[in-house]
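Below you'll find the structure, written out as structure tokens, and then a few comments.
Nothing in this text is a laboratory measurement; each read-out follows from the coordinates by a stated rule. Just so we're clear, the structure is a prediction, and the values are computed from it rather than from any experiment. Glycine also receives a Cβ, built like all others from the backbone with ideal geometry; neighbour counts cover every protein chain displayed.
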Amino acid sequence: MNEGSETAAGHDEGASVENSRLRDFAHVFFRNRMASIGLCILAALLVIAISAPAIAPYEYDEQDLLATLEWPSAKHVFGTDEFGRDVFSRVIYATRISVTVGIVSVSIGMFFGGMLGAVSGFYGGIVDELVMRVVDVLLAIPSILFAIAIAASLGPGLFNMMLAVGVSSIPYYARILRGSVLSIREQEFIEASRAIGSSSVRILLRHVIPNCLAPIIVQGTLGVADGILYAAALSFIGLGIQPPTPEWGGMLSGGRTYIRDYSYMTLFPGLAIVITILALNFVGDALRDALDPKLRD
């Protein structure tokens, strides 16, 4: 009876500590007004991306050759392009592409870069030397040039663009997680796991990596912004999404010919990029403050 009571008390205490951590996290995060605004913007973007066909008044490739290059009006809120396509509808559909590229590319970088960094930092020795020297070489190459080189070798297209952006970010996540693993692997709870006979793989997956997630989550949030920017850059130079599929960078590239007389063609996709990047940066900064106790008041 006493053992059962002690076990229940232990579970209650653990749940109380976890709830306290969540409350502290929520308090610090939502105290930042810009983070709340950014979170609302990101939620709206997700809804737009999912519901694009229901929100957009026209199909993204629907042409009206009698209404080409029309300035914003009640019929076409953001105007029309050189083919008579509704710019508002194309910006809405492009949200789906940009959000997908950002999330998938960051997932690629976090998974492969995180695993490389975790293995390198945990095992050390020759493994660490080999992995980190390769990472150092890759970090010496500007990531946007690395992404361009990969996209140019693979060819244009959505999948190749996501792969190029994701692979170019792997060295950064590897370096971040390696640093976190180095600070955790010698702590007492890791030594206790070794003492009871836990395997290295179990220790790495169950104890080390979960305790290193905070910095990589923050970097991942900011990395989505970089992924969207890189995707826009690749589409701008013709190595990303191909017409007529809309993408914010591709729309900027298509509108630059008409920027002097029909500036709205570049204004609205440019604003979409700026607002999305700002929202992601607001959320990323707030996550950093909320997950790092050293930055709390």
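Of the GluC sites (Glu not before Pro) found in segment 178-218, those that fall in a DSSP loop while having at most 14 other beta-carbon atoms within 10 Å are Glu186. Scanning residues 5 or more positions from Gly79 or on other chains, those with amide H under 5 Å from its amide H are Ser73, Val87, Phe88, with H placed 1.01 Å from N in the peptide plane.
Projecting the Cα atoms of Tyr58, Pro243, Met161 onto the dipole axis of the chain, where Lys and Arg carry +1 and Asp and Glu carry -1 at the beta carbon, places Met161 farthest toward the positive end. Computed from Cα positions, the angle between helix 143-154 and the longest principal axis of the chain comes to roughly 70 degrees. Which one of Asp64, Asp285, Asp261 has the biggest mean-square fluctuation once the chain is modelled by GNM with Cα springs under 10 Å? Looking only at Asp64, Asp285, Asp261, the biggest GNM fluctuation is shown by Asp261. Couplings 3J(HN,Hα) of segment 215-220, computed from phi: x, 6, 5, 4, 5, x Hz, in residue order, whole Hz [Karplus 6.51 cos²θ - 1.76 cosθ + 1.60, θ = phi - 60°; x for Gly and Pro].
Going through (1) 20.7; (2) 18.3; (3) 19.1, the figure that equals mean projected area of the Cα convex hull in nm² as computed for the structure here is (1). Working note: Karplus 6.51/-1.76/1.60 with θ = phi - 60° gives segment 227-234 the couplings x, 5, 5, 5, 4, 4, 5, 5 Hz, where Gly and Pro are set to x. Relative contact order of the chain: 24 percent, from C-alpha pairs under 8 Å at least 6 residues apart in sequence.
Scanning the chain for trypsin sites (Lys or Arg not before Pro) that sit in a DSSP loop and have at most 16 other Cβ atoms within 10 Å, the longest stretch containing none of them is 76-259. 3J(HN,Hα) along segment 70-78, derived from phi through the Karplus expression 6.51 cos²θ - 1.76 cosθ + 1.60 where θ = phi - 60°, amounts to 8, 5, x, 8, 5, 6, 10, 4, 9 Hz, with x in place of Gly and Pro.
Computed from Cα positions, the angle between helix 264-291 and the longest principal axis of the chain comes to roughly 10 degrees. Taken about its Cα centre, the chain carries a charge dipole of about 360 debye when Lys and Arg each add +1 at the Cβ and Asp and Glu each add -1 at the Cβ. Given the options Ala43, Ala54, Ala225, which has the most mean-square fluctuation in a GNM of the chain, springs set between C-alpha atoms less than 10 angstrom apart? Most flexible of the set in this elastic network: Ala54.
Residues considered: Pro269, Pro156, Pro142. Largest GNM mean-square fluctuation over the chain, using C-alpha springs under 10 Å, is found at Pro142.
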